[in-house]
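First comes the structure, then the notes that go with it.
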Ligand SMILES: C[S@@+](CC[C@H](N)C(=O)[O-])C[C@H]1O[C@@H](n2cnc3c(N)ncnc32)[C@H](O)[C@@H]1O
């Protein structure tokens, strides 16, 4: 039930305004992103994330990387410069169609539509690098934990996972507290139903978090270990967010 609501939400977001649903800068709403500028943010964002956790592929390219929640391929296109094979996976068929349309490296970069709550399309220990930034923050914790488990399953013995997850709100209004309290009992698409008609053409981006101790517990219960944690600004000013570098124990 939760999964099908997340899927429906992203299929709708991808049709309304895909670039803004991926990078929601206020000035770029309603088709305001320039494609070249949009893909350039992917190169910069990847470099800064790798830098933050101390990963360099110079002289040691990856064999096979997974870009989970690839959207239009903003990050996988940048990743393609650092290794041999990139697999981008997304829940939305429309996002995958757009990623294929903008794919400049068809020989080394492939996209997969994966409307599933697992990564059953890949065998175990298949990837030596898993990247997932600004994706898990938009799904309820039960789904986040399931994918973290899957990231560890598809990770090779010496592979690394770089994943970003918000922990909690850093500023919360009374409306936020009410919303957080009610959320477990409401369907995910409740916000879509309440939305004012004049905002009906703007993607909805709900935010969720997992505390650092919840992430640690989930990783350790599934045979992984956290190698490094760095705070980041991916979830915006209202959330405390972290980028984790994870390996297998
Ligand atoms: C905010 S966008 C980020 C896209 C990309 N990672 C980037 O940084 O350009 C989130 C993406 O995650 C995808 N997504 C959300 N839930 C997913 C899931 N359960 N499985 C795979 N992709 C998912 C959405 O369709 C969307 O393309």
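In whole Å, largest first, what are the principal axis extents of the Cα atoms in segment 15-160?
So the three principal-axis extents are 43, 36, 29 Å.
Normalised by the number of residues in the chain, what is the relative contact order in percent for Cα pairs under 8 Å and 6+ residues apart?
20
Report the calculated FRET efficiency for residue 125 and residue 169 (r = Cβ-Cβ distance, R0 = 30 Å), to the nearest 0.05. Walk me through the numbers on the way to the answer.
Numbers: r = 36 Å, r/R0 = 1.21.
Computed FRET efficiency for residue 125 and residue 169: 0.25.
Please report 152, 186 as a ranked list, fewest other C-beta atoms within 10 angstrom at the top and most at the bottom.
186, 152
Going out from 0 in 10 Å bins, what whole percent of all Cα-Cα distances in segment 108-150 drops into each bin?
Answer for segment 108-150: a P(r) of 20, 60, 19, 0 percent.
Which percent, to the nearest 5, of DSSP beta bridges fully inside the chain are antiparallel?
Bridges in the chain are about 45 percent antiparallel.
When the Kirkwood hydrodynamic radius is evaluated over all pairs of different C-alpha atoms of segment 107-181, what value in angstrom, to one decimal, is obtained?
14.4
Once the Cα gyration tensor of the chain is diagonalised, what are the square roots of 5 times its eigenvalues, in whole Å and ordered largest first, as equivalent ellipsoid semi-axes?
27, 22, 17
From the helices alone, meaning DSSP H stretches of at least four residues, give me the mean residue ellipticity at 222 nm for the chain, per-run term -39500 (n - 2.57), in deg cm²/dmol to the nearest 500.
Using -39500 (n - 2.57) per qualifying helix, the result is -11000 deg cm²/dmol.
Throughout, read-outs are computed from the coordinates displayed, never taken from laboratory work. Just so it is clear, the model here is predicted, and its values are computed rather than measured. Note: ideal-geometry Cβ built from the backbone for every residue, glycine included; neighbour counts use all protein chains shown.
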